[in-house]
1. In this structure, does Leu481 turn out to be open to solvent by 60 Å² or more (accessible area, probe 1.4 Å), among the hydrophobic types (A, V, I, L, M, F, W, C), modelled with pLDDT under 95 and over 46 Å from the mean Cα position of the chain (by Cα)?
2. Of the residues in region 699-718, how many are in a loop (DSSP other than H, G, I, E, B) and either touching a helix residue (DSSP H, G or I) at 6+ places or on another chain (Cβ under 9 Å) or open to solvent by less than 10 Å² (accessible area, probe 1.4 Å) (or both)?
3. Give me the residue from region 405-420 that is within 13 Å of the chain's Cα centre (by Cα) and not polar (S, T, N, Q) and, out of that set, nearest to the ligand (Cβ to nearest atom).
4. Just wondering, is there one or more residues in region 332-344 that are touching a helix residue (DSSP H, G or I) at 6+ places or on another chain (Cβ under 7 Å), within 14 Å of the ligand (Cβ to nearest atom), small (Gly, Ala, Ser) and on the phi < 0 side of the Ramachandran plot?
5. Would you confirm whether or not region 745-755 contains a residue that is part of a helix (DSSP H, G or I) and within 12 Å of Ala620 (Cβ to Cβ)?
6. Kindly establish whether Leu393 is modelled with pLDDT under 90, within 16 Å of the ligand (Cβ to nearest atom) and open to solvent by less than 10 Å² (accessible area, probe 1.4 Å).
7. Evaluate the following for Val301: is it open to solvent by less than 10 Å² (accessible area, probe 1.4 Å), touching a strand residue (DSSP E or B) at 6+ places or on another chain (Cβ under 6 Å) and not in a helix (DSSP H, G or I)?
8. Which residues, taken from region 298-318, are within 16 Å of the ligand (Cβ to nearest atom) and out of contact with any helix residue (DSSP H, G or I) (no Cβ under 6 Å at 6 or more places or on another chain)?
Amino acid sequence: MIKKWIGAITDDNRNIRERILVLMASIAMVSMLVVLLLGYIIGENATDIITIAVTLVIFLLIAYLSIKYDRLDIGGKIAGCLIVFVVLPVTFITGGGLYGGAPLWVLFCTVFIALVITGRFAAFLLISDAVIMAAAYAFTYTHPELVEERSKTTIYADSLVSLIIACGLVILMIRYQMRIYDSEAEKSKKRQDEIKALNDSQNRFFSGMSHEIRTPINTIIGLNEMILREEISPEVAMDAQNIQAASKMLLHTINDILDMSKIESGQMRLAPVTYKTGDMLSDIVNMIWKSSQDKGLIFTVNVSPDLPSELRGDDMRIKQILINVLNNAVKYTKEGSVSLSIDCEKKSNNEVKVIYSISDTGMGIKKENIPYLFTAFKRVDEDKNRFIEGTGLGLSIVKQLVDIMNGRITVNSVYTKGSTFIIEIPQQIVSDGVIGQYDIGMSQSTGKYKDKYAVSFVAPEASVLVVDDNSSNRIVISKLLRDTRMQVDVAESGAKALAKTLEKKYNIILMDHMMPEMDGIECMHKIRTQAGGYNKESIIVALTANVGTDLKQMYEREGFDGYLIKPISGKELEAAVSGMLPKELVTRMDNDSDVVDSSMEWLVYREKKRPVAITTESVADLPKSLAEKYNIAILPHKVRTGDGIFMDGEEVETRGLLAYMANLENRAETIAPSVEEHEEFFARQLETASNIIHISISGEVRNSGYHAALEAAKAFDNVSVVDTGHLSSGQGIMTLEACRMAADGYDLSEIIERMEEIRGKVRTSFVLDNLDYMARAGQLSSAAARFIRAFMIHPVVALIKGEMKVRNIYMGTRKQTWKKYIESVLSGFALIDKEMVFVTYVGLTGKDLEYIGQILKENAEFENVYFVKASPAIAVNCGPGTFGILYRLKD
Ligand code: ADP
């Protein structure tokens, strides 16, 4: 037990508080034992001795049990309670109150509790402590006679001894805690160092492994390409193409693993350069065109003509992101199309947000899977796509790269129909030029690959030296350059290369980096300064299996003229070499006409997407003119009648519905669109808008589309649903406000915030002719409706907690009622926003409206008065002869 006790103090794995608790408890018990013995020796009174002895035994028992059962937390709490509720008040009163050492013990115990007990229980004990001690002070103040009379010497001696012991204990406690903290800090630093070392070695391992794997893949891909260039049987060609695809897949996976390890160790750095957007796009098109064509997919690119022609950023990484997402689009689409659109939003004079949207008509992603899309090694919907190759790493890397660039990636997808990935990346603008339409046309001149290889240039006068210690690499590079008819020499080491550069002048030297004895960098420096050498000015290019964003700069800094990565295809090598050779040595082969996709059918120009579009349901009461002006997309509800289900607005109009409802036997109700209908609607709207704010009627209303909209929006990162908290009429007013803001260029969050703000400011109510329609809709008993009609009672209804409730009643003729209603709703006119008012009505004649307009004018001056036909929802619930005055309060 003693071992366990000591262990509870010294065990590093224990919580610091628990260790202090046991230490202090041990010291307190030893002190009590000493006091007990001293008291006994000097003949202290028996009650004191017994009190101390009982306390000691109780604490000993608590400590013993809590250590034995490893429940120090509970032991601490019980001990804390005993101290606060029993020991402190009793010692204070029996120990002479203020006159003695008791206040010092109160202080000590309070510090002790604060240090070792945590959470709400500590707060409870400390507050109780304060209250009890205040009571003890009050008690000893008012009843001094009950406090033991003590001599001056005893008071002084008691106070001094308590001071010394309490100070000693506080110092001990704090020092002990500091020591533990120091040792913890040291341990954590050591652990961090270990993790860093592990990370470094993991990184070294990955990059070493990547180098080692790239070297043989270079041979496989290179020699395989040579096979493909030969006249071979279709069967051999098919095998060779499969080898090519498999090697590329392997290479892709290695690159992903390398990137992932870099990102995880925080070593992923961007390498910003100035790049031509047209070049970047044509590279991307080149890579995707072929694969989409092979699958029979239509691939289109849509570039906003105002995209700056030159930007600064890490174009390689942006390409990586886009190619990854585009490859997925092709991979997960069986038929239809894949498209890439590029839009831009200027943020300032020198910054632009480039928005890339990649859409496909593929298998789509289930709503519940969207949150896991960017998780590393996570492949979703595996039963469906298990035959599609993949590691689940791609999108995770994409997301992290986008994050490093301070960008954003969002997904909108309809399962089984297709997906759209939107990537927004801020970039710096370098010049005023824009890409226009011409540039793109030019830049695609490298176009689509032809299936059969054809050399792009010949240069029999040019000479190249390939320096590589690996013989396969030397063979591959020489063979890849064979058809260019250049003179290719090889050297297997730095020393051999130096011998050759003494003999001959080369136009280009392709230099491996990692070589035994003399590496490529050293060899390059030696060539540059070689006494009597012919190649001091020659172009020297690093051709290596080392990959990394910072390597390009490193090679440049060292003095290389270029950096090429192994494995390299014949086409890439030719493109790089021909660009570096003196023009007079190069004869271009006119292969372009059959290499280029001259139809340019991949390039389409679409209108720029709107940043934010406002959409709503057909139940919104919106004046047609404004709905058209703001181009508001409206999702129709359906109206169910005895004759079938009709699409609101398209197949059934309010007027027709009212005619139908004139027959008292007939019933009608509106049905909100389903989740799937919402999904399709959102997907369609996102074709022309980057973001959507969908404004719905109150989610509390029975037939509201809010819940279906919210569910559907889970599949769309770029759709936000706003619950207006109102019926159709309030929904109309809020929709208009949102539209106005969107037209004025406010962004998504500002509009949504504004909706929250004005929700409580919209006022809607309707005055009804009678309650017959409400009774028919089952919201009221028909007897009550008959009574109301008989007594010419006209109710005013409003939406209260999701239900249409009668808020007021007027008696009299229609016109008297309308006048009273209008006067009453406009009585607080000073607070109403004068900009507009809606008069939403059901089944009123032109004359009726004229009368209403006139009364309205007499009572208030609005800038715009809109007469709006109410939605079928209001029509079927309220019946003809209904109208409402709807407005917004001032801000
Ligand atoms: P993988 O290597 O599996 O393609 P990713 O990280 O690129 O890994 O993608 C993760 C998962 O996301 C994929 O397994 C696939 O289920 C899904 N996914 C990605 N893009 C699409 C898309 N355009 N259409 C449908 N599903 C997709």
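The values are calculated or read from the model by the stated rules, or taken from the named source; none is laboratory data. Everything quoted here is computed from the prediction, not taken from an experiment. For neighbour counting, all protein chains shown are included, and Cβ atoms are generated from backbone atoms with ideal geometry for every residue, glycine included. Accessible surface areas use protein heavy atoms only, side chains included; no ligands, DNA or RNA. Shrake-Rupley method; radii C 1.70, N 1.55, O 1.52, S 1.80 Å.
1. On the way: open to solvent by 60 Å² or more (accessible area, probe 1.4 Å): no; among the hydrophobic types (A, V, I, L, M, F, W, C): yes; modelled with pLDDT under 95: yes; over 46 Å from the mean Cα position of the chain (by Cα): yes.
Against the criterion (open to solvent by 60 Å² or more (accessible area, probe 1.4 Å), among the hydrophobic types (A, V, I, L, M, F, W, C), modelled with pLDDT under 95 and over 46 Å from the mean Cα position of the chain (by Cα)), Leu481 does not qualify.
2. As a first pass, look at region 699-718 and keep what is in a loop (DSSP other than H, G, I, E, B): 699-705, 714-715, 717-718.
In the following step, the residues that additionally are either touching a helix residue (DSSP H, G or I) at 6+ places or on another chain (Cβ under 9 Å) or open to solvent by less than 10 Å² (accessible area, probe 1.4 Å) (or both) were identified as 699-701, 703, 705, 714-715, 717-718.
Count: 9.
3. Val411
4. no
5. Taking region 745-755 first, the residues part of a helix (DSSP H, G or I) are 748-755.
Still in the list and also within 12 Å of Ala620 (Cβ to Cβ): none.
Taking every residue of region 745-755 in turn, none turns out to be part of a helix (DSSP H, G or I) and within 12 Å of Ala620 (Cβ to Cβ).
6. Numbers: modelled with pLDDT under 90: yes; within 16 Å of the ligand (Cβ to nearest atom): yes; open to solvent by less than 10 Å² (accessible area, probe 1.4 Å): yes.
Answer is yes for this residue.
7. Details: open to solvent by less than 10 Å² (accessible area, probe 1.4 Å): yes; touching a strand residue (DSSP E or B) at 6+ places or on another chain (Cβ under 6 Å): yes; not in a helix (DSSP H, G or I): yes.
Yes; evaluated as a whole, the condition is true for this residue.
8. Selection gives Ile298, Thr300.
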